Structure formats: C-alpha cells, structure tokens
Amino acid sequence: MQKEVSKIYKTLVAEGEVSLAVLDTTALVKETARRHGLSPVSMAALGRTMTATAYLCSWLKGEESSLYVTVSGDGAGGKISVSGDGALHLRGNIAVPDLVLPPRADGKLDVGGCVGRKGTLTVVRDDGEGIPFVGTSELLTGEIAEDFSAYFLTSEQRPTAIALGVLVSREGECLGAGGVFLQPMPAASEEAIAFAEQKITNFSNLSSLIAEKGAEGILKEYFGVESAEAREISFRCRCSREKAASAVLSMGREDAEKLLEEAGEIAVHCHDCNTDYLFGAEDIAALFGKKDTKKDTK
Ligand SMILES: [Zn+2]
C-alpha cells in the first residue's frame, strides 16, 4: 500500500486541539538504504531518525531554511547525522552502515543497541534569520521515538506523542517506514493531551501498518480523517561535482598533484549520499589551469 513517493500528511484532530502528522517514508528509507548499503538494524536506526527529521523539517518557515539532527549515542552503530530543509529534501548517514546485532527478546530489531542509551540528540535549526537555534536533549532509550519525545518536551516545551517504525524483510529490504506525531497545541486541554497519549498506543507496530494500509489508511482508520494536507518528502543531497571541485582547489595545486601522483586520481567523498567524485590528471590540470601561469591557488 505504501507509495513510491514519501509523503507527510498533516491535519488537526481532537476539535482542533492536536496537530496530527502521519508520514510514509518507505521510499525515502529505501533510497537511503540503497545508497549506503544499510544492514537491517542500521536502516531502522537511520530510517527512524530521517522520518523524525522530515517531521521537524515540515515546520520550517521557508524552503531555504535548514535543519541538522545528530544522534550521538554509545551504541555499536555510532553517530547518526541527518539534514534536511523546508522543501523536505533530506539526506543522512550512520557511522556503521552494516552493523549486525542479534534481535531483541521480542524479535524486533535492536535499534536501542545500535544507537545506545547514553548520549545526546541535537537539533540545529537555521531559519536564515541570524543565529541558528540549537536544542539538545539526553537520549532516553535509543529507540529514537522516545528520544525525540524527550527532545520536544525539554528543548521546545511541546509534549509530543511519537511512533516511528521501519520494517525490514528477511532479505534486508525496507517493506514499510513511517511515523505518527501527535502534538497538542499550546494551551490544549487536559482531554486533548490525554487523547494524544492514548492514540499513540495504537502504533506499537507502526511499520507493519504503513506496509499494509499506507499513511492514508492510518488517517482514515484511526482518526476518521478522509483528507489531509500532503507534501512530498525526498532524498536529495546538496553535494555536486562543482562543490567537490572547489574542495580539490582548496587543497592547493602542490598537494593536489602530490595526491594525484600517489593515488592515480583524487576522490572527494560525500558521506551523506555515499558518492565519490573522482578527479583524474586531466581534471586536475583543467581545474588549476596551465602550470606556467603561476596562479595563486590558495
Ligand atoms: Zn552527497
């Protein structure tokens, strides 16, 4: 049921007192997994973080506004970095993309073991209006959803009920990924807050629900919502060959030529999308111009 395009659906529920968002990020997680060659548990950890980041991005004011999320825990998977913008273009990586861990006692992927239970979640939000906002909170469980709930409560003073999930097949393919966010409006009634807390308990198996019903099915079945504002979410990196070339230029001619001699070519790697930009002898010569012109390449 999940779509080829990832989407976020937003609407108000509980008589306008609770903001509801349902995300189907299956396509986004699939693309991320393809680029990084993610193992199931690394895919679940990074996929959940990307889904939560997409939700945060949906609140950005302009398309040019940007957001950087890092989850630094003491787990075996290492640091997770995700960035996105107001256009809902996201990219991200995890330090150990091919981590293998035994499943938890209940058979689920051990995301907490991958992320770690000690550490921090940091959000840097740049609205392009001067100093970026930086919020940090301590990790609670390393399962990501609870950690983002803690972040919203402590750093943004917004209690937020969150469910996140990534379903991976035996063959290591993403079958469904998404999130449900219930955020009571400021000054919401006790009933509205209780509504959010109660509703979220329906989604302990969210990834299977996404795979079966899609985001639209969840909206209809659990919230009676027939239509909601929808926006597309996509994997898009900000790297380019031009940016890679300027990184080579910044090395200076001497170091670049030395490296070229040693390695045969210069590779500039983008961690976010796992792309190598390669520069051979001809490329280097073209970049720095003719040798006898004595160009200042500082
Ligand atoms: Zn890239």
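Only Lys, Arg, Asp and Glu count, each charged at its Cβ (+1, +1, -1, -1), so figure out the dipole size of the chain about its Cα centre, rounded to 20 debye.
380
How big is the antiparallel share of DSSP beta bridges in the chain, given as a percent to the nearest 5?
95
Multiply the residue separation of residue 187 and residue 64 by 0.36 nm, subtract the distance between their alpha-carbon atoms, and state the gained length in nm to one decimal.
Result: 41.3 nm gained on full extension.
Show me the ranking of peptides 54-65, 177-188 by mean Cβ neighbours inside 10 Å, starting with the highest.
Put in order of decreasing packing, that is 177-188, 54-65.
I'd like to compare 92-100, 129-137, 24-32: which one has the highest average count of other Cβ atoms within 10 Å, and what's the full order after that?
24-32, 92-100, 129-137
Give the separation of the Cα centroids, region 227-277 to region 22-57, in Å.
21
Exceeding 20 Å between C-alpha atoms, which entries from my cross-link table qualify? They are 7/213; 7/30; 79/199; 10/61.
Over 20 Å apart, Cα to Cα: 79/199.
First select every other residue whose beta carbon is under 9 angstrom from the beta carbon of residue 141; then total the charges, Lys and Arg +1, Asp and Glu -1.
With Lys, Arg at +1 and Asp, Glu at -1, the neighbours total -2.
By how many degrees, 0 to 90 and rounded to 10, does the Cα axis of helix 145-156 deviate from the longest principal axis of the chain?
90
How far is it, in nm, from the label point at residue 204 to the one at residue 236 when both lie 7 Å from their Cα along the line to the Cβ?
In this crude spin-label approximation the distance works out to 3.9 nm.
Once you have the alpha carbon radius of gyration of region 28-97, what is it after dividing by 2.2 N^0.38 Å, with N set to its residue count?
Cα Rg divided by the expected 2.2 N^0.38 Å: 1.07.
For each cysteine in the chain, check whether another cysteine's C-beta sits under 4.7 Å from its C-beta; list those where none does.
If one checks each Cβ against the other cysteines of the chain, 57, 114, 174 turn up with nothing under 4.7 Å.
With only Lys, Arg, Asp and Glu charged, each at its Cβ (+1 for the first two, -1 for the last two), find how big the charge dipole of region 37-99 is about the Cα centre; round to the nearest 20 debye.
Computed charge dipole of region 37-99: roughly 80 debye.
Rounded if a/c is under 1.5, else prolate if a/b beats b/c, else oblate: with a ≥ b ≥ c from the C-alpha gyration tensor eigenvalues square-rooted, which is region 6-235?
rounded
Report, in degrees rounded to the nearest 10, the 0 to 90 angle that the Cα long axis of helix 241-251 makes with the longest principal axis of the chain.
Taking the Cα atoms of the chain, the angle to 241-251 is about 50 degrees.
Towards the positive end of the charge dipole of the chain, with charges on Cβ (+1 Lys, Arg; -1 Asp, Glu), say which of 82, 196, 210 has the farthest Cα.
82
Could you sort the peptides 283-289, 7-13 by per-residue average Cβ neighbour count (10 Å cutoff), highest mean leading?
7-13, 283-289
To the nearest 10 degrees, how steep is helix 253-263 against the longest Cα principal axis of the chain, on a 0 to 90 scale?
It is inclined by approximately 80 degrees.
Please state the Cα pair-distance histogram of region 241-293 with 5 angstrom bins from zero: what percent is in each bin?
All Cα pairs considered, the percentages come to 4, 20, 34, 24, 12, 4, 1, 1.
Under 8 Å for C-alpha pairs, at least 6 residues apart: give me the relative contact order for the chain, rounded to a whole percent.
Contact order relative to length: 21 percent.
If we count every other residue with Cβ under 12 angstrom of residue 69's Cβ, Lys/Arg +1 and Asp/Glu -1, where does the sum land?
Spelling it out: positives minus negatives among the neighbours equals +3.
Computed from the coordinates by the stated procedures, all read-outs in this text should not be read as laboratory data. It should be emphasised that the depicted structure is a prediction, and the values quoted were computed from it without experimental measurement. Every residue, glycine as well, gets a Cβ built from its backbone with ideal geometry; the counts of neighbours run over all protein chains shown.
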